[in-house]
Amino acid sequence: MIVGLSAAALQGAPVVTQDVDLWFEDIADAGIAKALKKMGGSYIPPTMLNPPLFAGGDVELFDIVLTMHGLDSFSVELKDSIEIKLGSCKVHVLPLERIIKSKETLLRPKDKLVLPVLKDALETIRANRKK
Amino acid sequence: MYISSKKLKNICKHKGLKLGELLEKADVSKTAFYALVRKEDILPRSIRSIASALGESPSVFLEEESPEERKIKRLIKRMNAIVRRKPNLDRDNVWHTLLLLSERPVVRLRRGLTRGRKIDFH
């Protein structure tokens, strides 16, 4: 499932980000290794100081997320995720409301900066739906 | 100058839209639409008079707005309506959100990533 600011951008929030955060329920899922092989990428396991990473040209854009703070489990959040068509496939995307919830829980300096933008975007999207 | 229902229906068919769906998308009521369709001439009388005084067709001096201009004007109108209802919102945030909502999701993501990655000061 796509989470973080790239998920927010997909829904229309005017934010910038350096990577696409992918939340995995199980990083050992065989499908991940298969996809990495197809894209010529590889998986770098976590070390004491570094989180797990993807390496290789086309997959370095993606960051691995295994825990989302302030949210329910992956399977619960997946049920309410949004499906968005990207190219030829549909991807699960964490709803903007839940991205905000997670950032409010973490409240790192960078979260504090982006939260007002995310909240304004959410209200705009809602108002735009109602017209 | 009048509205050709036949032409309009053909365009709708070509774009996979029903007339009702088109009107809803355009935010035009059925009453307003059928009132226009019934008119023999949809141009104001003053435009006709000016054209007649020139001995030309109105189309000679009428210019159509580009689709981009129309889109921007529609978005500005919507932004103003939202900010009027919710004055606590930042106009810039509302504007940029509306602009992005008018794009496909993949374009929205590409923009966010491009801006985030291409910080290249010289």
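Let me confirm something: among B:L113, B:L109, B:L89, which residue is within 14 Å of another protein chain (Cβ to nearest Cβ), among the hydrophobic types (A, V, I, L, M, F, W, C) and not in a helix (DSSP H, G or I)? Outline the logic, then answer.
On the way: B:L113 fails: not in a helix (DSSP H, G or I); B:L109 fails: not in a helix (DSSP H, G or I).
It is B:L89.
For region A:42-88, filtering for residues that are in contact with a Gly (Cβ under 7 Å, 6 or more places away or on another chain) and either at pLDDT below 90 or not aliphatic (A, V, I, L, M) (or both) leaves 5. For region B:43-86, the set of residues classified as surrounded by 13 or more Cβ atoms within 10 Å (Cβ to Cβ), within 23 Å of the chain's Cα centre (by Cα) and not in a helix (DSSP H, G or I) consists of B:L43 only.
Within region A:43-56, is even one residue among the polar types (S, T, N, Q) and more than 15 Å from the chain's Cα centre (by Cα)? Yes, there is a match, as at least one residue in region A:43-56 is among the polar types (S, T, N, Q) and more than 15 Å from the chain's Cα centre (by Cα). How many residues are under 8 Å from the mean Cα position of the chain (by Cα) and without any contact (Cβ under 8 Å) to a residue 24 or more places away in the chain if we restrict to region A:1-34? Result for region A:1-34: 1. Scanning region B:79-116 for residues being aromatic (F, W, Y) and closer than 10 Å to A:L10 by Cα gives a total of 0. Selection of first residues in region B:10-33 that are of a type in the set (D, E) and of second residues that are loosely packed, with under 11 Cβ neighbours inside 10 Å and not in a helix (DSSP H, G or I), restricted to Cβ pairs under 7 Å at least 6 apart or on distinct chains, gives an empty result. Selection of region A:102-129 for residues being basic (K, R) and either more than 16 Å from A:Q11 (Cα to Cα) or crowded, with 18+ Cβ neighbours inside 10 Å (or both) yields A:K103, A:R108, A:K110, A:K112, A:K119. The lone criterion from (1) at pLDDT 90 or above; (2) assigned to a loop (DSSP other than H, G, I, E, B) left unmet by B:L36 is number (2).
The values are calculated or read from the model by the stated rules, or taken from the named source; none is laboratory data. No experiment lies behind these values; they were computed from the predicted model shown. Positions of Cβ are backbone-derived with ideal geometry, glycine not excepted, and every protein chain shown enters the neighbour counts.
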